[in-house]
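Report on the following structure.
The values are calculated or read from the model by the stated rules, or taken from the named source; none is laboratory data. Remember, predicted model here, so these are calculated numbers, not experimental data. As a convention, Cβ positions derive from the backbone with ideal geometry for all residues, glycine included, and neighbour counts pool all protein chains shown.
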Amino acid sequence: MTGRWPMRLGTGYTVVRPWANYGLPLEEHLMPQSFQAAGYQTAMAGKWHLGHMRKSYFPGARGFDSSYGHFNGAIDYYTHERDGGLDWHRDGKTLEEKGYSTELIGGEAVRRIRSRDKKRPFFLYVPFNAPHAPLQAPQALLDGYASVKDEKRRVFSAMVESMDQQVGAVLKTLDDEAIAQDTLVMFFSDNGGPVNLGATNTPLRGAKATVYEGGIRVPAVMRWPGKVKAGTKSTQVMAAWDLFPTIAAAAGVRPAGKLPLDGMNCWKQITDGSRTPREDIFFAIENEKLIQHCVIHREWKLIRQGESEHMLFRIEDDPTEKNDVAAANPGIVKDLAARIDRWKKLEPANGMRSEGGAPKGWKAPKRWADDAPL
């Protein structure tokens with residue numbers, strides 16, 4: 001949303017927890033704000049997860065003309081509750097609504113496309129919560145995976161199929177509205193799969209909540225008939241913070257924020273098939289079990305586990321991270337470790353860190369949206 005490194009935003013190590021008195025800093029400029037300023041109608045449907053402690057952190061105050069869905073992660077797919085409080089809203093007001101959240105989010109996206117002002121362009125953000133935990137899926141879809149022996153894998157698969165159906169409905173709506181030729185669609189995941197919940201990242205090492213490739217490397221799909229040739233494959237490395245400058249360039253929209261962007265505009269590489277080596281792509285994760293940092297610098301990737309253990313990989317040649325060559329390249333380890341140290345210093349003093357669970361005595365609001373102060 002910002003085009004800037006999460007470490008600058010205070011979210012470099014973990015997500016905004018339900019009990020957190022923290023959100024995406026209000027001085028940050030978000031992608032929908034630039035599109036809004038350029039005359040676009042802006043909408044979102046799905047998981048926000050960038051701040052809920054006050055209404056000034058809600059999506060409606062951060063560039064979205066309309067918003068729908070939930071503020072926290074890991075809501076119940078049917079009750080729409082998180083920690084016993086109803087976390088489902090429309091335009092920042094609690095909404096009591098029955099239904100499976102994946103289908104509701106997809107349905108909202110379709111409605112937004114159909115009901116748009118056809119004289120103006122639109123920007124639509126659809127962050128599905130699927131297939132995030134808790135593992136819940138409609139019985140009709142579960143029945144189609146009866147042959148899958150692992151129960152978690154069975155439910156996970158059904159959840160992905162539900163999301164796939166909704167993505168298909170969105171694409172069909174663009175076709176039905178005869179605007180597919182004028183609409184750039186991007187689909188991607190925020191992280192690798194949680195292998196303890198039915199996902200698989202084979203052949204990559206690691207999983208969600210690690211900085212191994214299984215935790216940070218995901219595929220992305222783009223559709224823009226007439227602009228991006230069907231069947232084209234790009235090997236350009238992109239990160240989440242590249243999306244703002246890249247999508248803005250594709251649409252001819254000028255990023256209007258005052259703070260410098262860390263992201264790279266990759267639109268040229270996507271359209272002409274070229275590839276630019278990347279320098280200094282950083283990731284970090286902290287939880288009760290470990291803390292990891294990493295930097296990808298051209299063909300190298302350095303992982304720091306804890307505060308002193310380093311692993312070095314030629315990531316271009318060894319994407320499965322089998323061959324640690326740190327011992328043979330001490331100079332490169334030293335250089336990349338120093339880059340991590342400089343990046344870590346960008347974290348604000350009040351940034352989010354792993355807390356190991358809710359503080360004692362904390363209780364969720366009964367209605368997340370309505371109970372938030374201004």
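Residues in the stretch 1-33 that are surrounded by fewer than 20 Cβ atoms within 10 Å (Cβ to Cβ) and not in a loop (DSSP other than H, G, I, E, B): Q33 only. One residue alone among E177, E108 is in contact with a strand residue (DSSP E or B) (Cβ under 7 Å, 6 or more places away or on another chain), acidic (D, E) and farther than 19 Å from V221 by Cβ, and that residue is E108.
Can you pull out the residues in the stretch 296-313 that are surrounded by 15 or more Cβ atoms within 10 Å (Cβ to Cβ), without any contact (Cβ under 8 Å) to a residue 24 or more places away in the chain and not aliphatic (A, V, I, L, M)?
Scanning the stretch 296-313 gives K301, Q305, F313.
Per the listing L290, L261, the residue uniquely surrounded by fewer than 17 Cβ atoms within 10 Å (Cβ to Cβ) and more than 16 Å from the chain's Cα centre (by Cα) is L290. Taking each residue of the stretch 142-165 that is at negative phi and at pLDDT 95 or above and looking for partners that are surrounded by fewer than 17 Cβ atoms within 10 Å (Cβ to Cβ) and of a type in the set (A, V, I, L, M, F, W, C) with beta-carbon atoms closer than 7 Å, six or more apart or interchain, yields R154/V148; S157/V148.
Exactly one residue out of R205, R223, R275 is in contact (Cβ under 8 Å) with a residue 60 or more places away in the chain and of a type in the set (K, R): that is R205.
Say whether the condition of being surrounded by 13 or more Cβ atoms within 10 Å (Cβ to Cβ), part of a loop (DSSP other than H, G, I, E, B), touching a Pro at 6+ places or on another chain (Cβ under 7 Å) and at pLDDT 95 or above is met by at least one residue in the stretch 113-121. Full working, then the answer.
So the first thing to find is which residues in the stretch 113-121 are surrounded by 13 or more Cβ atoms within 10 Å (Cβ to Cβ), and the list is 113, 116, 121.
Still in the list and also part of a loop (DSSP other than H, G, I, E, B): 116, 121.
In the following step, the residues that additionally are touching a Pro at 6+ places or on another chain (Cβ under 7 Å) were identified as none.
There is no residue in the stretch 113-121 that is surrounded by 13 or more Cβ atoms within 10 Å (Cβ to Cβ), part of a loop (DSSP other than H, G, I, E, B), touching a Pro at 6+ places or on another chain (Cβ under 7 Å) and at pLDDT 95 or above.
For V170, the test of being under 20 Å from W224 (Cβ atoms), touching a residue at least 60 places away in the same chain (Cβ under 8 Å), of a type outside the set (D, E) and surrounded by 14 or more Cβ atoms within 10 Å (Cβ to Cβ) is passed. Checked against the criterion of being aliphatic (A, V, I, L, M), within 24 Å of D182 (Cβ to Cβ), modelled with pLDDT of 95 or more and in contact with a strand residue (DSSP E or B) (Cβ under 9 Å, 6 or more places away or on another chain), the candidates A251, A284 yield just one match: A251. Being in contact with a Pro (Cβ under 6 Å, 6 or more places away or on another chain) and hydrophobic (A, V, I, L, M, F, W, C) is a description that does not apply to F128. Any chance the stretch 60-72 includes a residue that's at pLDDT 95 or above and in a helix (DSSP H, G or I)? Within the stretch 60-72, one or more residues are at pLDDT 95 or above and in a helix (DSSP H, G or I).
Is it the case that some residue within the stretch 89-108 is assigned to a strand (DSSP E or B), touching a residue at least 12 places away in the same chain (Cβ under 8 Å), in contact with a helix residue (DSSP H, G or I) (Cβ under 7 Å, 6 or more places away or on another chain) and of a type in the set (K, R)? For the stretch 89-108, residues assigned to a strand (DSSP E or B), touching a residue at least 12 places away in the same chain (Cβ under 8 Å), in contact with a helix residue (DSSP H, G or I) (Cβ under 7 Å, 6 or more places away or on another chain) and of a type in the set (K, R): present. On the stretch given as the stretch 263-322, residues that are farther than 23 Å from I247 by Cα and among the small types (G, A, S) total 3. Looking only at residues of the stretch 177-214 that are charged (D, E, K, R) and closer than 26 Å to F313 by Cβ, we find that the one that is surrounded by the most Cβ atoms within 10 Å (Cβ to Cβ) is E213. Hey, does the stretch 356-363 have a residue that's touching a residue at least 40 places away in the same chain (Cβ under 8 Å), under 18 Å from P6 (Cα atoms) and not aromatic (F, W, Y)? Scanning the stretch 356-363 turns up no residue that is touching a residue at least 40 places away in the same chain (Cβ under 8 Å), under 18 Å from P6 (Cα atoms) and not aromatic (F, W, Y). Based on this model, can you work out whether G357 counts as under 17 Å from T210 (Cα atoms) and of a type outside the set (D, E)? Here the answer is no, as G357 does not meet what is asked.
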